[in-house]
Amino acid sequence: MKTTIKKDLYRYGGVTSILKGLRKEGFRYTYFLRKASTYKKFSPVGLTYRLILKRLSYKYGFQIPINTKIEEGFYINHYGPLVINEGAIIGKNFTVSQSVTVGQTNRGKRKGCPVIKDNVFVGAGSVIVGNIVIGNNVLIAPNSYVNTDIPDDSIVTGNPITIVQKENATEGYVNFTV
């Protein structure tokens, strides 16, 4: 867990000091999310981390359940409403902006939650829903509605979406990766 937190911290401009990192809202939330998921629910330490996480959730508007599978390098770009469903699976170096929803579809052929692979950037106001796979090195532009599979090395824009293949699509957007 310690190395995962350090890799999350490094995404915030190469910061290596936990104390400096805790001044950044996104890392502060991520830190307590990781810590709360480490300890048992009713242990004194686990309960403390969960209470702090609950407070931060209300303060920043983040709704990310403790059981959500998020790999190292998680970076919250801005604080504001952010919803990630518990069933979503998120890979390494995931960068997310404000007002983003990563959610579940409850019916139809895409019933379920998304799988998001490594080095993905999601712009403000975007919605990603359904049993879909977002490939590696994908940039999802602001205000996009994604409910279909996205191949590796792509830029996604609009509603309905337009997919443009581009090598190094997240260059300049997914920085300070380990």
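Both radii are taken from the alpha-carbon atoms of the chain; with Rh as the Kirkwood radius, Rg/Rh is 0.97. Only protein atoms count toward the accessible area here, which uses a 1.4 Å probe; on the chain, the carbon and sulfur part of that area reaches 51 percent. Please report, to two decimal places, log10 I(q)/I(0) for segment 123-178 at q = 0.12, 0.13 Å⁻¹ as given by the Debye formula with identical point scatterers on the Cα atoms and no solvent. Rounded to two decimals, the profile gives -0.24, -0.29. Alpha carbon centre of segment 105-119 versus segment 24-45: separation in Å? If we compute the Cα centre of each part, the gap is 26 Å.
Sites listed here are trypsin sites (Lys or Arg not before Pro) in segment 1-92 whose DSSP assignment is loop and whose Cβ has at most 12 other Cβ atoms within 10 Å: Arg23, Lys40, Lys41. Annotation for Ile52 and Tyr39: the two label points, set 7 Å from Cα along the Cα-Cβ direction, are 0.8 nm apart. From its DSSP helices (H runs of at least four residues, each -39,500 (n - 2.57)), the chain gives a residue-normalised ellipticity at 222 nm of -7500 deg cm²/dmol. Excluding the site residues themselves, the longest part of the chain lacking any GluC sites (Glu not before Pro) in a DSSP loop with at most 14 other Cβ atoms within 10 Å is 1-85. Within the full protein context, the accessible area of Asp152 is estimated at about 70 Å² for a probe radius of 1.4 Å. Among beta bridges identified by DSSP and lying wholly in the chain, the antiparallel ones come to about 15 percent. For segment 1-42, the alpha carbon positions stretch 34, 19, 13 Å along the principal axes, listed from largest to smallest.
Between Phe42, Phe62, Phe121, the Gaussian network model of the chain with springs among Cα atoms under 10 angstrom shows the greatest mean-square fluctuation at Phe42. At 20 °C and 1.002 mPa s, grab the translational diffusion coefficient of segment 108-149 from Stokes-Einstein with a Kirkwood Rh over Cα pairs, rounded to a whole number in µm² per second. Answer, rounded: 207 µm²/s. Looking at the chain, the accessible area is 52 square angstrom per residue; that uses a 1.4 Å probe and ignores ligands, DNA and RNA. Here the alpha carbons of segment 40-142 define both size measures, Rg and Dmax, at 14.1, 43 Å. Annotation: aspartates and glutamates with alpha-carbon distance below 15 angstrom to Lys166 (same-chain offsets under eight excluded): Asp152, Asp153.
Placing unit charges on each Cβ (+1 for Lys and Arg, -1 for Asp and Glu) gives segment 27-73 a dipole about its Cα centre, and among Phe62, Pro44, Phe27 the Cα reaching farthest toward its positive end belongs to Pro44.
If you line up the long axis of helix 44-60 against the longest principal axis of the chain, both from Cα atoms, how many degrees apart are they, to the nearest 10? Its long axis makes an angle of about 50 degrees.
Helix 25-38 axis versus longest C-alpha principal axis of the chain: approximately 70°, rounded to the nearest ten. When the C-alpha to C-alpha distance is required to be over 19 Å, the pairs from Lys24/Lys54; Lys20/Lys117; Lys41/Lys69; Lys20/Lys41; Lys7/Lys69; Lys2/Lys69 that qualify are Lys20/Lys117; Lys20/Lys41.
The values are calculated or read from the model by the stated rules, or taken from the named source; none is laboratory data. From a predicted model like this one, the values you see are computed outputs, not experimental measurements. Every residue, glycine as well, gets a Cβ built from its backbone with ideal geometry; the counts of neighbours run over all protein chains shown. We work out accessible area using only protein heavy atoms, side chains counted, and drop any ligands, DNA or RNA first. Shrake-Rupley method; radii C 1.70, N 1.55, O 1.52, S 1.80 Å.
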